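Participant: Submitted below is the structure of interest, expressed as structure tokens.
Please treat every number below as a calculation from the coordinates, not as lab data. Here the structure is a predicted model, which means the values were calculated and not measured. Positions of Cβ are generated from backbone atoms using ideal geometry, with glycine treated the same way; all protein chains shown enter the neighbour counts.
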Amino acid sequence: MDTTKKIAVMLGLCLMTSISFAGATFHPGDKGNQITTIQQALANYGYDISVDGDYGASTQAAVRQFQEAQGLEADGIVGAATYEALMGEAMPENHTVQAGASAAMPAATSQNEITLVQQALANNGYDVAVDGAFGPGTERAIRSYQVDHGLEPDGIVGQETFYSLTGQSLPTGPIRRFGSGGYNGVSRVESPEATHILDIANQYIGVPYVFGGSTPSGFDCSGFTRYVYSAAGIDLPRGADEQYGVGYSVSMANLQPGDLVFFSTYESGISHVGIYIGNHQFINAASDGVSISDMDSNYWSARYIGAKRVM
């Protein structure tokens, strides 16, 4: 394989396995009664595991072994398919807490991290609205907090700032504001469903690209879109080509934020997917990690295939 081909493969390659992913997931770091129930089910299957309510390394290893035995994707995460195979019922909402979470603060999730930061700022006396929207007021309050606590005053909530505020580890990439309360200069959209999806996706900016990755520790393209839509309660298949088979087609002229956009990056057919944010920009997991790309660039415009609306 020549160098150009290798680069193209690394940029666009997405896992092409077939598995559904619905609802919330249970991840390493989760703690609580729901984890105890999962661990007990694994123990009942004969896996050597401590039933202690803590989703640690041994639980992750047991989950992987169970998934391999069941012919499921062995990612060590309990998603909808794994939960149903293990428990014999549909997966419930995740009501666990995260390892290291402060007793005074709720556990951080992709849906509530901004609200969590805002509440912590308010608790520390900073003038900020606790509304879940990362607007200019929140950015100003974060900068003030960072100055007061000897942190880099960049207005971005990275690991250090998040831990200082909440006592928790940040389970996503840095949280930042794009434009005037929107996304990379694109105004926030009126659709609550699209707003929810883009708010979730935005929090993973900077997460590295990992071939086959489907968690905040690393994503490939379709792993990222599946994870984001799942967090919003929308089931997507695993592969980019499979995701192209759901929803209904929309023309480029009628693209709306939250639509899935598809590309052919290293061979004929669908091999890359991202989430449209408006103004011919989309958020995606590519070779430089989760980032925002321009559909009008020479690279992406030449490889665009089409779009699907699944909301």
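Participant: How high is the FRET efficiency between Leu151 and Asp127 when r is their beta carbon distance and R₀ equals 22 Å, given to the nearest 0.05?
Facilitator: Calculated value: 0.75.
Participant: Please list, in chain and number order, the residues 5+ apart from Leu72 or on another chain whose amide H is under 5 Å from its amide H, with Hs placed from the backbone.
Facilitator: none
Participant: About the Cα centre of the stretch 192-309, how large is the charge dipole given +1 on each Lys and Arg Cβ and -1 on each Asp and Glu Cβ? Please answer in debye to the nearest 20.
Facilitator: In total the dipole reaches around 100 debye.
Participant: Size of the stretch 25-92 along its principal axes in angstrom, Cα-based, largest extent first?
Facilitator: For the stretch 25-92, the Cα spread along each principal axis is 26, 24, 20 Å.
Participant: Taking 1 over the mean of 1/r across every pair of different Cα atoms in the stretch 192-309, what Kirkwood radius in Å do you get?
Facilitator: 13.8
Participant: Please give the contour-minus-distance gain from Thr115 to Glu193: 0.36 nm per residue of separation, less the Cα-Cα distance, rounded to one decimal in nm.
Facilitator: 26.3 nm
Participant: Let me ask something else about it. Dipole magnitude of the stretch 113-166 about its Cα centre, charges +1 at Lys/Arg Cβ and -1 at Asp/Glu Cβ only, in debye to the nearest 20?
Facilitator: 80
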